[in-house]
Structure formats: structure tokens, C-alpha cells
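Asker: Take this structure, written in C-alpha cells, and hold onto it; I'll ask about it next.
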Amino acid sequence: MKKQYKLGVIGGGFMAQAILKGAVYSDFLKAKRIIVSDVSQQALENLSYLGVNTTVNNRDVAENCEFLLFAVKPQNFPAVAESLHGLPIEKVITIMAGVKKQKIKDSLFGKNIKVARAMPNLPCSIGSGMTAVDMYDFEDSVDDSAFIDSIFSSLGNVLSVPEDKLNAVTGISGSGPAYVYMFIDGLIRAGIRQGLTEDEAKTLAVNTVAGGAEMVAHSEDKSLEELISAVCSKGGTTIQAVDSFKNDNLYEVIDRAVAACVKRAEELSE
């Protein structure tokens, strides 16, 4: 039986808003085909500009949508699942970090539930995000897979990965924006110490990082080593900074940080 809404969302927080904004503003999905629930009336009011349907009742959402998106904090999922007890849920999308597909299926008591797990990151909120998605359960349906892919494509780039790689994804793209922000902050602080104003240092740092990332994305014929070498000249200025990074074991520092992040993601998945 055809459902009233194409997409139902439980949880109206920041990332849910980003997803809905991307879907509606890209004209991929009409607002009238979406319903959202949240215990916070303020969260629902924050969605009013999108024109989506809202309710405080999770069951209203789950009963009347084709795809059910869980956008709640992982620790709140057991209570949400309990509120849906007995409903015939079939198609689930989740952005809950660390909550495995099997746990979702077991919690919803559904034998035929299909679950897609996605890990979007913060820049999705401005349409420049990176989302990794496990859509294995939907591989037998081209239409369903395309729908799920389109939701996250409206927020930026999408990479399809198996579920067992999602913790690694968390360590790179899920949490990665914070690492980039720290590096930019470090450049700004260093620039100020070298006599620049904060605004000057920020402008230089932000545009340099953005431009550098764009160049990597559009230089498929060159390796990162080649790009680094292209900026360096023997006896010049850049090589002094690069050698300093190497002497301080920058790559090892990054590796340890990512490993710590992935370890925590694995702990949350247990």
C-alpha cells in the first residue's frame, strides 16, 4: 500500500535539518512528501521555513512513510524503537553513529527490515559535505538505492562503502572537519605571531586550505607527493616548513589521532 509520505524523519536536530534542506532546496523531494517528529517543539518550529509536515508523535511518522530516517542520538534510539513497537517498518535509513544495522533490526522486531547506514559530516549543512553510505540491503532495488543516494547527493559527495568500513569513515570524513579546523586555527595563530592581523591570517589560511583541496581534487594525474614537490624548491622557503613537519612526525601524529577516533567508534558499536 502506498504511503502518504515518501520520507519520514525521527529527530529534527542540526543534521536532520541539513538533510531536509538539501532534499527540499534541490527539488529532489517536495516538502509535502516529508514528515518529521521530534520531542522538542522548538526543533519542529526550526523546520517551518522548509514547509515539511511535523508532529511530536513518532508513530505518526513511522506508520505513514515509505522510508524512515533515524536522526536521533544513539543513546536515545532504544526509547525511540520502543515507541514504534509493533509497526510494520520496512525501509530504514540511519545516520546514528555506532549503531549497527543488526541492532536496529533487532530493536524494531522486523524480519524483513532493510537498513541503509550513512555517515554524513558537518559540511553537509552547506552542501559541501561528504557522506559514506552502506546500501547493501537495498542492492536488489535500483529505485530504492537511487533514492537513498539522491538524499545525500543533495548535500555533497557520496561514497558507497560496506558497513564494516564505517568506523574508519568516521575517523576520516565524519570527524575530519574538526582536524581541518584545527589546522586552519594553527595557521591563523602562526600568522598572527608573524605580524599579520587575525582577519588577514584567516583570509590567507582559509583560502589556501580550500584552494589546496580543490587542486588535489582536480589533479588526478599528479600524486600528493608531486603536488608537495611542486610547491617546494631546493633551498627555498617551503622546504623548511615541510622538513619541520617531517621532523615533528606530522604523519604519525595524524595516524594516531585517526586511530583514536576509530577506536572510540568501534567501542560505541559494541
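Asker: Consider only pairs whose beta carbons are under 6 Å apart and that are at least six residues apart or on different chains; among these, list those whose first residue lies in region 183-211 and is within 21 Å of Ala257 (Cα to Cα) and at pLDDT 95 or above and whose second residue is surrounded by 13 or more Cβ atoms within 10 Å (Cβ to Cβ) and among the small types (Gly, Ala, Ser).
Answerer: Here the result reads Ile184/Ala205; Leu187/Ala205, each pair linking region 183-211 to a residue that is surrounded by 13 or more Cβ atoms within 10 Å (Cβ to Cβ) and among the small types (Gly, Ala, Ser).
Asker: On the given criteria, is Gly212 outside the structural domain of Met130 (by TED's automatic domain parsing), exposed (fewer than 15 other Cβ atoms within 10 Å of the Cβ) and within 30 Å of Gln17 (Cα to Cα)?
Answerer: When the stated conditions are applied, Gly212 passes them.
Asker: I've got another one for you. Got a number for residues in region 78-98 being outside any helix (DSSP H, G or I) and within 19 Å of Leu7 (Cβ to Cβ)?
Answerer: Count: 11.
Asker: Inspect all residues belonging to region 120-129 and state whether any of them is modelled with pLDDT of 95 or more, out of contact with any Ser or Thr (no Cβ under 7 Å at 6 or more places or on another chain) and aliphatic (A, V, I, L, M).
Answerer: Taking every residue of region 120-129 in turn, none turns out to be modelled with pLDDT of 95 or more, out of contact with any Ser or Thr (no Cβ under 7 Å at 6 or more places or on another chain) and aliphatic (A, V, I, L, M).
Asker: Could you run through region 21-46 and say how many residues are farther than 24 Å from Pro88 by Cα and surrounded by 22 or more Cβ atoms within 10 Å (Cβ to Cβ)?
Answerer: 2
Asker: I need every pair where a residue in region 74-91 that is assigned by TED's automatic domain parsing to the domain that holds Lys114 has its Cβ under 9 Å from the Cβ of a residue that is basic (Lys, Arg), sequence separation at least 6 or different chains.
Answerer: So the pair list comes out as Phe77/Lys103; Ser83/Arg59; Leu84/Arg59; Leu87/Arg59; Glu90/Lys114; Lys91/Lys114.
Asker: Scan region 234-256 and report the pairs whose first residue is within 21 Å of Tyr179 (Cα to Cα) and whose second residue is surrounded by 10 or more Cβ atoms within 10 Å (Cβ to Cβ), with Cβ atoms within less than 8 Å and a gap of 6+ or a chain change.
Answerer: Val242/Ile228; Val242/Cys232; Ile254/Tyr179
Asker: Quick one: is Ser107 modelled with pLDDT under 95 and in contact with a Lys or Arg (Cβ under 7 Å, 6 or more places away or on another chain)?
Answerer: Taking the combined requirement at face value, the residue does not satisfy it.
Asker: Got a sec? Which helices (runs of 4 or more DSSP H) wholly within region 174-248 have at least 3 residues that are of a type in the set (Val, Ile, Thr) and within 19 Å of Ile126 (Cβ to Cβ)?
Answerer: Once the helices (runs of 4 or more DSSP H) in region 174-248 are filtered for at least 3 residues that are of a type in the set (Val, Ile, Thr) and within 19 Å of Ile126 (Cβ to Cβ), what remains is 198-217.
Asker: Using the structure shown, decide if Val24 is within 20 Å of Ile148 (Cβ to Cβ), in contact with a Lys or Arg (Cβ under 9 Å, 6 or more places away or on another chain), free of Cβ contacts under 8 Å to residues at least 40 places away in the same chain and outside any loop (DSSP other than H, G, I, E, B).
Answerer: Yes.
Asker: Could you tell me which of the residues Ser154, Ser145, Ser128, Ser141 is among the hydroxyl-bearing types (Ser, Thr, Tyr) and closer than 19 Å to Ile172 by Cβ?
Answerer: After ruling out the rest, the residue left standing is Ser128.
Asker: Please work out which one of (1) at negative phi; (2) more than 20 Å from the chain's Cα centre (by Cα) is the condition Asp27 fails and give its number.
Answerer: For Asp27, the exception is condition (1).
Asker: Going through Gln17, Gln75, Gln42 one at a time, which residue ends up being part of a helix (DSSP H, G or I), more than 22 Å from the chain's Cα centre (by Cα) and of a type outside the set (Lys, Arg)?
Answerer: Sole residue among the options that is part of a helix (DSSP H, G or I), more than 22 Å from the chain's Cα centre (by Cα) and of a type outside the set (Lys, Arg): Gln42.
The values are calculated or read from the model by the stated rules, or taken from the named source; none is laboratory data. The model shown is predicted, which means the values in this text are computed figures rather than measured ones. Virtual Cβ from ideal backbone geometry, glycine too; neighbours counted across all protein chains shown.
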